[in-house]
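Read through the structure below, which is laid out as structure tokens, and then see the notes.
The values are calculated or read from the model by the stated rules, or taken from the named source; none is laboratory data. Every value quoted in this text rests on a predicted model; they were computed, and no experiment measured them. Positions of Cβ are backbone-derived with ideal geometry, glycine not excepted, and every protein chain shown enters the neighbour counts. Ligands, DNA and RNA are stripped out before the accessible areas are found, and what is left, the full protein with its side chains, is counted by its heavy atoms. Shrake-Rupley method; radii C 1.70, N 1.55, O 1.52, S 1.80 Å.
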Amino acid sequence: MVDVSVESGGAVEILLEKFDPTAVVAEPLPPVVISNEKANGREIVLGPNVHTTCLAVTEPDADDEFTGDKDAYMASVLARYRKTLLERTKCHLGYPYNLDFDYGALAQLHHFSINNLGDPFIESNYGVHSRQFEVGVLDWFARLWEIEKSEYWGYITNCGTEGNLHGILVGREVFPDGILYASQESHYSVFKAARMYRMECVKVGTLVSGEIDCADFKVKLLANKDKPAIINVNIGTTVKGAVDDLDLVIQTLEENGFNHDRFYIHCDGALFGLMMPFVKRAPKVTFKKPIGSVSVSGHKFVGCPMPCGVQITRLEHINALSRNVEYLASRDATIMGSRNGHAPIFLWYTLNKKGYKGFQKEVQKCLRNAHYLKGRLHASGISAMLNELSSTVVFERPLDEEFVRRWQLACQGNIAHVVVMPNVTIEKLDDFLNELVEKRSSWYQDGEVKPPCIAADIGSEGCLCTLHK
């Protein structure tokens, strides 16, 4: 892997991975901040105010062109930042980002402002674009989700949230008076979309696994039977990695009087949308079923250094959104106008390098390592749960917020999780577990404070508290 930096003379210097920034010290972790807000009776722990650690932008001195002091200062800041990145990457477990990638071959393109303005399938007057890469990536996902080239439309988004915003927007345009249904464990961006588009939104209950409760879904559908349904189906929930039963959702709609012309389904596959096709016996996400759109993140399982995603919908739905834009000499049905033209190239590069077999191998590794983590947690007396189709291991929330910050764990109430990605090795999991077990023995050694009961979150089977042992 290589990094590219530009020296003051304009020459490009290649920094090899073995570059040792020991001359500078990594930035310390800012202190934990406690919010006044509460969730499930527990205070919400917020990150620090970055204004306390921000890097100010200052004007260069009049003689800086001769002294080079400014360049030296910026070089030291960047070296310290790189040191911090190296350190923080070593202890990254709670968020679903695949950090195992090498895009050194693409460094030659970093000097270009690549912008895919407007519709991916229609060139604009701006010639520095990567549409040929973008459409190649979209075709790959169209094959994965079984829809013909002539029947789909899509684009590479700036993040997974944009995919959800677009999918739900298409649903709203198809059914302007439709009601949005989403399980209570859906990603927050789904409810953000409802607020942005001023849509009526109904939260549906979930099973203990985190999967949508279709019995509750039926009750809420029948309460609004006179209005079309726009449904967000989770292909892996944010906290528990639960996969909603798409076939049961469709069956529930059909059995309760919702024909295919009265509902629109968006599948949020941010992480597991790319993993599930490679899991044996996993239910299929396919446009051969009556779904309207699917979105995934590109910076999660695929592994991309910048946030991005893929959104695919049916071509028949997109005309309601698409508009001619004379300024671009193109059409546009996207959320954003300017779109990162580098992201499609990164995705195209890794899809070509790994292929279906490469992704299948990585999925199997993640699932295997996730089962290893769950097994070791239980062996250590720590409550834990792992859904069948998931690599997200849920366990009791560590008592020490500094430990949570160090390992960058995602927490909700009394639970936390580790998302086992391709870059997460057995060795890293062992380091985490050994430290957790050691810290935990001190947290609960006097017996006054006991590990939380999380049976309500994960079920009694996985809970190893004093009540459920």
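Summary of values
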{"quantity": "Scope region 110-120; condition of a type outside the set (Gly, Ala, Ser) and part of a loop (DSSP other than H, G, I, E, B); matching residues", "calculated": "His110, His111, Phe112, Ile114, Asn116, Leu117, Asp119, Pro120"}
{"quantity": "Positions within region 108-119 being in contact with an Asp or Glu (Cβ under 8 Å, 6 or more places away or on another chain) and closer than 22 Å to Gly303 by Cα, in sequence order", "calculated": "Asn116"}
{"quantity": "Strands (runs of 3 or more DSSP E) enclosed by region 266-336 - at least 3 residues per element that are in contact (Cβ under 8 Å) with a residue 60 or more places away in the chain", "calculated": "293-297, 309-314, 330-332"}
{"quantity": "Residue match in region 207-229 (condition: assigned by the TED database to the domain that holds Leu271, closer than 26 Å to Thr334 by Cα and out of contact with any Ser or Thr (no Cβ under 7 Å at 6 or more places or on another chain))", "calculated": "yes"}
{"quantity": "Condition check for Lys439: in contact with a Phe, Trp or Tyr (Cβ under 7 Å, 6 or more places away or on another chain), open to solvent by 40 Å² or more (accessible area, probe 1.4 Å) and without any contact (Cβ under 8 Å) to a residue 40 or more places away in the chain", "calculated": "no"}
{"quantity": "Of residues in region 126-145 being without any contact (Cβ under 8 Å) to a residue 12 or more places away in the chain and more than 28 Å from Met276 (Cβ to Cβ), the one nearest to the chain's Cα centre (by Cα)", "calculated": "Gln132"}
{"quantity": "Set Val310, Val302: member being modelled with pLDDT of 95 or more, under 30 Å from His166 (Cα atoms) and not basic (Lys, Arg)", "calculated": "Val310"}
{"quantity": "Selected residue (criterion: most open to solvent (accessible area, probe 1.4 Å)) from residues of region 74-99 that are aromatic (Phe, Trp, Tyr) and not in a helix (DSSP H, G or I)", "calculated": "Tyr95"}
{"quantity": "Subset of region 453-469 [surrounded by 14 or more Cβ atoms within 10 Å (Cβ to Cβ) and among the β-branched types (Val, Ile, Thr)]", "calculated": "Ile454, Ile458"}
{"quantity": "Selection from region 245-267 of residues that are over 19 Å from Lys220 (Cβ atoms) and crowded, with 19+ Cβ neighbours inside 10 Å", "calculated": "Cys267"}
{"quantity": "Complete set of residues in region 154-208 that are aromatic (Phe, Trp, Tyr), more than 18 Å from the chain's Cα centre (by Cα) and closer than 18 Å to Ala242 by Cα", "calculated": "Tyr181"}
{"quantity": "Strands (runs of 3 or more DSSP E) wholly inside region 357-465 containing at least 3 residues that are within 17 Å of Phe272 (Cβ to Cβ)", "calculated": "392-396, 415-419"}
{"quantity": "Flag if Gly104 is in contact (Cβ under 8 Å) with a residue 12 or more places away in the chain and open to solvent by 10 Å² or more (accessible area, probe 1.4 Å)", "calculated": "yes"}
